[in-house]
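Any read-out appearing in this document is the output of simple, stated calculations on the displayed coordinates, not a laboratory observation. Everything quoted here is computed from the prediction, not taken from an experiment. Heads up, the Cβs are rebuilt from the backbone with ideal geometry, glycines too, and the neighbour counts pull from every protein chain shown.
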Amino acid sequence: MPKQDALQGSLPLLVLKILDRRGPLHGYGITAQIEAISSLLRVEEGSLYPALHRMEESGWIHARWITTENKRRARIYEITPLGRKQLNDEERRWTSVAAAIGEVLAQA
Amino acid sequence: MSWISRISSAFRPAHTAADLDDELQFHLEQRAADLVRQGMPRREAELLARRQLGNPLGLRESSQQVKSAAWVESLLRDFRFGLRMLARYRTASFAAIVSLALAIGACTAAFALIDALILRPLPLPTPGQLIDIAHVMPAFFSADNQPRASDTFSYSLYELFRDTVRDRADLFAMRLSAGLQPALFDDSGGASENIRAESISGRGFEILGAKPFLGRLIQPADDSMADGHPVAVLSYAFWKRRFGGSPAALGRWVTVDRRQFQIVGIAAAPFGGVQPGYLTDLWLPLSIAAEPRQLADPDSYGFSIWGRLPPGVERAQLREPLQAVLTNFLRERVRINPPRNLRGAQLQQFTGAPLAVRDASGGRDSLFRQQFRRPLWILALICALLLLIACSNVANLMLARASAREAEMALRISLGAGRARLMQQSLIESGQLAALAAVLALVFAAVVAPAIVVRLGPTEFPAWLDVAAGSRTVAFAAALSLLTALLFGVVPAFRASAVSPDAMLRAGGTQHSARAGSLRWMLAAQIAFSVSVLFLSGLLLLSFRKLISIDLGFTSDNVILFDLSPRQPGAHRPNSGEQLLEHLRHLPAVRAASISQQRPMGGAMVWIMTPVIRFPGRANETVRPVEVPVSAGFFSAMQIRWIAGRDFLPEEIAANSASVIVNQAFVDKFLPGRNPIGVKFEKLTDDPDPVPQQIVGVAANIRYNNLREPEQPSIYTPLRDAAGATLNIRTASRAASLVPWLRREIEAAAPELTVRGSILLGSQIGDTMIGERLLALLAGFFSVVALLLAGVGLYGVINYAAVRRTREIGIRIALGARRSSVVRLMVSDASLPVVAGMALGIAAGIGMARYLASQLFEVKPTDFSSLAAPVACILVAGVAAVLPPALRAASADPLIALRHE
């Protein structure tokens, strides 16, 4: 399992991607989704919520309270247009960096 | 999240924290449920979930940092804490707030007055563009031989000026009024009222940028000698006062100077004329209000020339062309009408008088403003000193409180609170004190400033100053209280944050060397401020006492002054008023009656004649005596001591007699050691032939024009016309109640005369000392406040020091020190800052007293008596402050003091 540090910068990217693809989710739902897709990645739960709140602060995601089927209050997050733009930029950056790193690894 | 939501979430952190908890709790439940579903026992699943999530408190903290601007929250917390502290130290807080409020309020009131009279520009659009024109009259034109700026011109000069700069600036003319004149409104039932009427060119209002509130203002078409309109415009404030704000004022007629004008408009507030301190009641069109003769005569000055520069034009650009016009004009006048008393270099100086284009945004300097500029700044100086006293007082208080709270501070520092945070909290507490004080101060100023304005004007001319709390006053009070908070808050804040926790916690709170040092300095500063306030106030009070106890040379009780005017100036024939005086002297309540040309004690409002005289066989005298025309009986009516010779005879008054009476100062100056009776001299006037004079009597010196001027050599000449003069009536008693009756008697006995105004001589004298009286009154008030503040401060600090030394004194006594030596120790401890502060205060006071010199009368700052009073006051306050705690400490049981530990 990679060290959580490596994930630090990319956590918002993953969260945005998940929210974009799967629609509104609560914090636990986001963790569960990431873990379901990748057995390798594990979200450090302690950093998820501060990250979510920072993203909310930046206006990339929007939070609201809902009541679940079993009458439980849950806070769900959904991506905003600004977040979608951010996702686009981040994704492009990530793929180009990954490609560049791959190139170096292949040709070094 | 926006700034607003950040800050608003700082205001309700509890809510946000609960939300966060909720969210994390939900996460834990979900995770545990999943784990249980995967087959883990419930208990174990919950533990694992919690472990994975991490420390919930840290999580919450880091999320909260995001959600609310942390500093806003810490500010709020400190704010609430500060309020709790204020409430806990209730008495101290109350004392601090009241003394600060008093001082800030005094400063704010002084500012409101100075702002309204001196600083604030005229309430007109872009006042910075307004200009007026002045020229400097050579020194030999004035009696005191000083060059003086004159700001009036003749109408012909105005027209020349206006046309010369027509394409660069708009000029207009005004006749401004220094005094009041009678006006008759058609709804008054025939009783005339004294108002300030001014006249203005047709374009004047337009150029000034004044707007009508109702109706219209004066327009170019009104201002024409041939076919103008006799219209009048009221100022808003006058309209409110005279007509109660009724629109029915429009269309009414008013008679001014025997001409009728119809009121057509009200100028919008707050504009009330261009002379701050004076309210212009009424404006008239210039060329209709002025006598045609005045407009036509190129040598008749009296018109003020104002204007407005369009953007981009500098004042300097107008100066040169206008100067050329003025010089040419004066040369031409001198050629046509050569002045007899000027020749050679003087003539050159006269025609070359430099012209100035002045910034007129602050309005025209009225007599009133000239008179009060200095007293108001002195008032401000004293208020500022008072504020410094209050500041050092409160700083002492805060210091004392800070040391009382040292244990708390030490605990907080050792628990990890940052020093910046402690300073922030200490400054916030200071700010809260200052803010509360500022609010009270505004209330105080709102009450005091108008009360002072009422006392500024002479009885006849009420001052008009807008001192209502405007944005400028509020901003001043706010800025001042902020400054104050820093001033008294910084030292305690540093002290609070400089606490060393281990020393504090270990020693249980009895280290005090450093603190005693800063306290001592604060005490010295406070005493210095108090001494200088007491010193300056003392000078003003002493000077006022000297002024009111001065020997006038006449008695003023029960004397009424009536100003007489001809009823019909055109048809008026000079009349000595002898018949009128005869009639009055036979009335039951009248003791004596006489007439004098100038109103006694007229102060700056009276035109004084100062002729050049020459004794036979001597050169022209360089000192010019004052000429005072009076009727026979003046000296006995005013109860002036008679020295030699006789009074005027009635036939001397009637005929154009050469007899004069002089005063003792005249004899001392010009005829020392000679018998003055029968001496002849010549009076030189503009008339080429000198007027021969012969002295028939000598009267004692009196203060004729004002209280301050020393006795000047004076000539009393026979008064030839009662019209335009002042009638002085001495009644047996209750003069004030006889005024209306006497007025009717005068007008019945002399139908060709009318009474323009009347005043008791006593009030007239009072009016010449308004500035001094006001300063003395305020100085008295401020010195009581200063003494009170200083006393409280001294007591607080010394008492505090004594209490802190209780243990040390207990040890000393236990070791055998005598009680008297303990008292001596404590007294000598306090006396160093007291003495140092006094020396500093006196030095500063003497330095500042130079600024007061113009207001002082026969009092010198270095007089022993002016120094003794403040020193004695502070000493008494100091002794009163130090003795009780010293005695208490000395009589304390050493066991109790030690057990205190």
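Extending 7 Å from Cα along the Cβ direction at B:H572 and again at B:R591 yields two label points whose distance is 3.0 nm.
One chain, two ends: B:L440 and B:A839. Fully extended at 0.36 nm per residue, the span grows by 140.3 nm beyond their Cα-Cα distance.
Based on Cβ point charges of +1 for Lys and Arg and -1 for Asp and Glu, what charge dipole magnitude is obtained for the range B:701-748 about its Cα centre, in debye rounded to the nearest 20? Mind showing how you got there, number by number?
Numbers: 7 positive and 5 negative charges, 37 e Å.
Using Cβ point charges on Lys, Arg, Asp and Glu, the range B:701-748 gives about 180 debye.
Hey, any idea what the orientation-averaged projected area of the convex hull of the range A:4-107's Cα atoms comes to, in nm²?
Numbers: hull surface 29.4 nm².
Result: 7.3 nm².
Residue-wise HN-Hα couplings along the range A:59-75, as the Karplus relation 6.51 cos²θ - 1.76 cosθ + 1.60 with θ = phi - 60° gives them from phi, are x, 7, 10, 10, 10, 8, 8, 10, 10, 6, 4, 8, 6, 10, 6, 9, 9 Hz; Gly and Pro carry x. Estimated from helices alone, the mean residue ellipticity of chain B at 222 nm is -17500 deg cm²/dmol (sum of -39500 (n - 2.57) over DSSP H runs with n ≥ 4, per residue).
Taking the Cα centre of chain B as origin, sum charge times position over the Cβ atoms of Lys and Arg (+1) and Asp and Glu (-1), and report the length of that vector in debye to the nearest 20.
Details: 92 positive and 72 negative charges, 649 e Å.
Value, rounded to 20: 3120 debye.
So what does log10 I(q)/I(0) come out to for chain B at q = 0.07, 0.10 Å⁻¹, using the Debye formula with one equal point on every Cα and no solvent? Those come out to -0.78, -1.22, one per q.
What fraction of the Cα pairs in the range B:127-359, stated in percent, has a spacing above 27 angstrom? Each step should come with its number before you reach the end.
Values: 10417 of 27028 pairs.
It works out to 39 percent of all Cα pairs.
Exactly which trypsin sites (Lys or Arg not before Pro) in the range B:235-269 are in a DSSP loop and have at most 10 other Cβ atoms within 10 Å? All intermediate terms of the calculation are to be shown ahead of the outcome.
Numbers: sites: B:K240, B:R241, B:R242, B:R252, B:R258, B:R259; in loops: B:R252, B:R258.
Here the trypsin sites (Lys or Arg not before Pro) that fit, given the DSSP loop and packing criteria, are B:R258.
Applying 1/(1 + (r/R0)^6) with r as the Cβ-Cβ distance of B:K211 and B:F79 and R0 = 60 angstrom yields a FRET efficiency of 0.85.
Express as a percent, rounded to the nearest 5, the fraction of DSSP beta bridges in the range B:573-751 (both residues included) that run antiparallel. Roughly 70 percent of the DSSP beta bridges within the range B:573-751 come out antiparallel. So if I take the centroid of the Cα atoms in the range B:561-593 and the same for the range A:30-82, what is the distance between those two points in Å? With the range B:561-593 and the range A:30-82 each reduced to a Cα centre, they are spaced 103 Å.
Kindly state, as a whole number, the per residue volume in cubic angstrom of the convex hull around the alpha carbon atoms of the protein assembly as shown. Mind showing how you got there, number by number?
Numbers: hull volume 312.6 nm³, N = 1009.
For the protein assembly as shown, the hull spanned by Cα atoms encloses 310 Å³ per residue.
Rg then Dmax, both in Å and based on the Cα atoms of the range B:573-751: 16.7, 54. Three semi-axes describe the equivalent ellipsoid of the range B:80-232; taken as square roots of 5 times the Cα gyration tensor eigenvalues and ordered largest first, they are 47, 24, 20 Å. Ranked for footprinting exposure by Cβ neighbours inside 10 Å, fewest first, B:M638, B:M609 give B:M609, B:M638. Here the label points at B:L788 and B:A814, each 7 Å from Cα along the C-beta direction, are separated by 4.3 nm in the simple model. With R₀ set to 35 Å, the beta-carbon distance separating B:L832 from B:R88 gives a calculated FRET efficiency near 0.60. Put a dot 7 Å past the Cα of B:D186, heading toward its Cβ, do the same for B:R472, and the two dots end up 4.0 nm apart.
GNM, chain A, Cα, under 10 Å: largest mean-square fluctuation among A:L16, A:L40, A:L82? Maximum among the listed residues: A:L40. Which one, B:L482, B:G272, B:A45, projects farthest toward the positive side of the charge dipole computed for the protein assembly as shown from Cβ point charges (K/R +1, D/E -1)? So the residue we want is B:A45. Summed over qualifying helices (DSSP H, 4 residues or more, each -39500 (n - 2.57)) and divided by its residue number, chain A shows a 222 nm mean residue ellipticity of -20500 deg cm²/dmol.
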